[in-house]
Amino acid sequence: MTFARHQMTMRATVTRNQTTASDAWNQPGAPSYAPIDSNPVPCRVWSISRRQTEDADKAITIEELRLAFPLTGDIAEGDRLTTITDRRGNALFSEPLEVGPLQRRPTHHEARLERIT
């Protein structure tokens, strides 16, 4: 799928873990996410698949989301997208989404997203 800049009709607010300290057992400290830039990154988010799984007393919906953003976008694996809006600022995704492994394409980057609940 080739993405031109005009197809990236959404804007993502990106936060990154700022914690660099470790505890007494040399384990990473509690994550502390902070915005990395005041300008949202142009992007496009879409759903690959959605399925519902039911157990005896619970039902969950599993949705696989993908993200495309420009090669110049400052998004890394492990970052969180706190909000994704359209160009007018209307929230499309308001729950945090964690960025998975990045795939470089000739015209853009793609990544898998996970909902953080």
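Any read-out appearing in this document is the output of simple, stated calculations on the displayed coordinates, not a laboratory observation. Being a predicted model, the structure only gives us computed values, none of them experimental. For neighbour counting, all protein chains shown are included, and Cβ atoms are generated from backbone atoms with ideal geometry for every residue, glycine included.
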Exercise. How far apart, in nm, are two points set 7 Å out from the Cα along the Cα-to-Cβ line at residue 76 and at residue 19?
Worked result: 1.6
Problem set entry | Gained length - residue 7 relative to residue 34, 0.36 nm times residue gap less alpha-carbon distance | 7.0 nm
For this session: Can you pull the one-decimal nm distance between simple spin-label points at residue 104 and residue 49, each 7 Å off the Cα toward Cβ?
Result: 2.9
Exercise. If R0 is 22 Å, what FRET efficiency do you get for residue 92 and residue 56 from their C-beta distance, rounded to 0.05?
Worked result: 0.05
Exercise. Once phi is turned into ³J(HN,Hα) by the Karplus curve 6.51 cos²θ - 1.76 cosθ + 1.60 with θ = phi - 60°, what whole-Hz value does each residue of the stretch 63-77 show in order, with x for glycine and proline?
Worked result: 10, 9, 10, 10, 10, 10, 8, x, 4, 8, x, 8, 10, 10, 4
